[in-house]
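Asker: Have a look at this one before I ask anything.
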Amino acid sequence: MKLTYEESSQRIAHLIERTVERRGFPPTRRELMTACGWTSPATAQRVIALMIRQGLITVEPGVSRGIRISKTAMKAVVEEV
């Protein structure tokens, strides 16, 4: 089943939050790709880039696990739970 952008961004935000809680560090782009059922890294990169532009996540350049959920997205994740 193909996810909409909203479903993908929600899934990514939840995955980042859960992964940081469990392991102490965020998931890789590949882990996000797998969790959303994407087979192309380009798809994951497009969604991540859109989430960055919307202020939902930040990415530390040059760091493999540099994806962080923003405070705005964190509030949305908490409100949904």
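The values are calculated or read from the model by the stated rules, or taken from the named source; none is laboratory data. Fair warning: this is a prediction, and the values are worked out from it, not measured in the lab. Using ideal geometry, Cβ is built from the backbone for each residue, glycine included, and neighbour counts are taken over all protein chains shown.
Asker: Looking only at the range 6-36, filter to residues that are hydroxyl-bearing (Ser, Thr, Tyr) and surrounded by fewer than 16 Cβ atoms within 10 Å (Cβ to Cβ); which one of those is nearest to the chain's Cα centre (by Cα)?
Answerer: THR28
Asker: Pull up the range 48-81, narrow it to residues that are part of a helix (DSSP H, G or I) and modelled with pLDDT of 85 or more, then point me to the one that is surrounded by the fewest Cβ atoms within 10 Å (Cβ to Cβ).
Answerer: ARG53
Asker: Name the pairs: first residue in the range 22-47 and in a helix (DSSP H, G or I), second residue small (Gly, Ala, Ser), Cβ to Cβ under 8 Å, at least 6 apart or on different chains?
Answerer: ARG29/ALA44; ARG30/ALA44; LEU32/ALA44; MET33/SER40; MET33/ALA44; VAL47/SER8; VAL47/SER9
Asker: Between a residue in the range 1-18 that is touching a residue at least 12 places away in the same chain (Cβ under 8 Å) and any residue that is among the basic types (Lys, Arg), which pairs come within a Cβ distance under 9 Å, given they are 6 or more apart or on different chains?
Answerer: Cβ pairs passing all conditions: LEU3/ARG11; ILE16/ARG68.
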